[in-house]
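Before any comments, here is the structure.
The values are calculated or read from the model by the stated rules, or taken from the named source; none is laboratory data. Note that the coordinates shown come from a computational prediction; the quantities given were computed from them, not determined experimentally. Every residue, glycine among them, receives a Cβ derived from its backbone with ideal geometry; neighbour counts consider all protein chains shown. Calculation scope for accessible area: heavy atoms of the full protein, side chains included, ligands and nucleic acids excluded. Shrake-Rupley method; radii C 1.70, N 1.55, O 1.52, S 1.80 Å.
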Amino acid sequence: MEIIKSEVPNRDVFKLNSSDIVFDGTLVLDLGNKNCVIERIRSTHTDDSTIVYVPDEKAIFLGDSFYGTTKNSLFHYKKSHLEPMIEDIQKFDASHFIAGHESICDIEEMDLFWKQLRSASKAVNSTSLDASLETFEKENGRQPIGDELFFIKAFVNDQILHSEER
């Protein structure tokens with residue numbers, strides 16, 4: 001509620017209504033001729049990310065659940081949440097992935113996305129971007145391409161945030 005209030009321009013008059021439906025874990029909705037599975041997943045974005053899976057369409061609505069997040073003005077991916085999140089998403093028999101800020105992805109595109117996130121995460125073990133890039137290059141035999149550099153920086157930021165907590 002606090003995040004929503006901070007993002008709404010007229011927050012002095014903004015009121016958030018109570019939920020009509022509250023669930024814990026999983027909720028299956030029968031929409032007449034279509035079932036939807038709504039499930040809370042472990043996520044790199046928020047602690048309460050929820051996806052919607054439509055089994056007979058093999059479609060999963062991910063929203064922002066697989067994106068990173070921002071803390072102390074640092075965009076980061078929560079390294080400790082990466083594998084649990086991927087596991088939670090991949091347990092569904094999905095072939096269409098609908099994200100909050102992307103076009104619809106197929107299984108090959110999502111597999112590439114997971115591969116890039118995993119290789120970036122694996123390369124980062126410190127708060128040093130240079131050391132992480134060096135590790136990535138050694139492990140992959142090349143420099144990062146495309147989103148890989150962005151992901152490496154986000155995982156380095158996660159290390160920085162963890163080092164500040166200590």
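Points to keep in mind about this one:
- Heavy-atom accessible surface of residue 45, to the nearest 10 Å², is about 50 Å², with a 1.4 Å probe and all protein chains retained.
- Using the Cβ of residue 133 as centre and a radius below 14 Å, the other residues enclosed give a net charge of -1, where K and R count +1 and D and E count -1.
- Where Cα atoms sit under 13 Å apart: lysine pairs in the chain separated by 8 or more or lying on different chains: 9
- The listed residues 28, 52, 22 rank as 22, 28, 52 when sorted by accessible area, largest first, using a 1.4 Å probe.
- Label zone at residue 161 (point 7 Å along Cα-to-Cβ), backbone N below 18 Å, the stretch 115-135: 117-118, 120-129
- Once the 1.4 Å probe is applied to the protein heavy atoms, the chain comes out at 63 Å² accessible per residue.
- 40, 118, reordered so the largest accessible area comes first (probe 1.4 Å): 40, 118
- Accessible surface of the chain [probe 1.4 Å, protein heavy atoms]: carbon and sulfur percent: 50
- Area accessible to solvent at residue 7, 1.4 Å probe radius, in Å²: 140
- Angle in degrees between helix 79-90 and the longest Cα principal axis of the chain, rounded to the nearest 10: 50
- For the chain, relative contact order (Cα pairs under 8 Å, six or more residues apart, normalised by length) works out to 16 percent.
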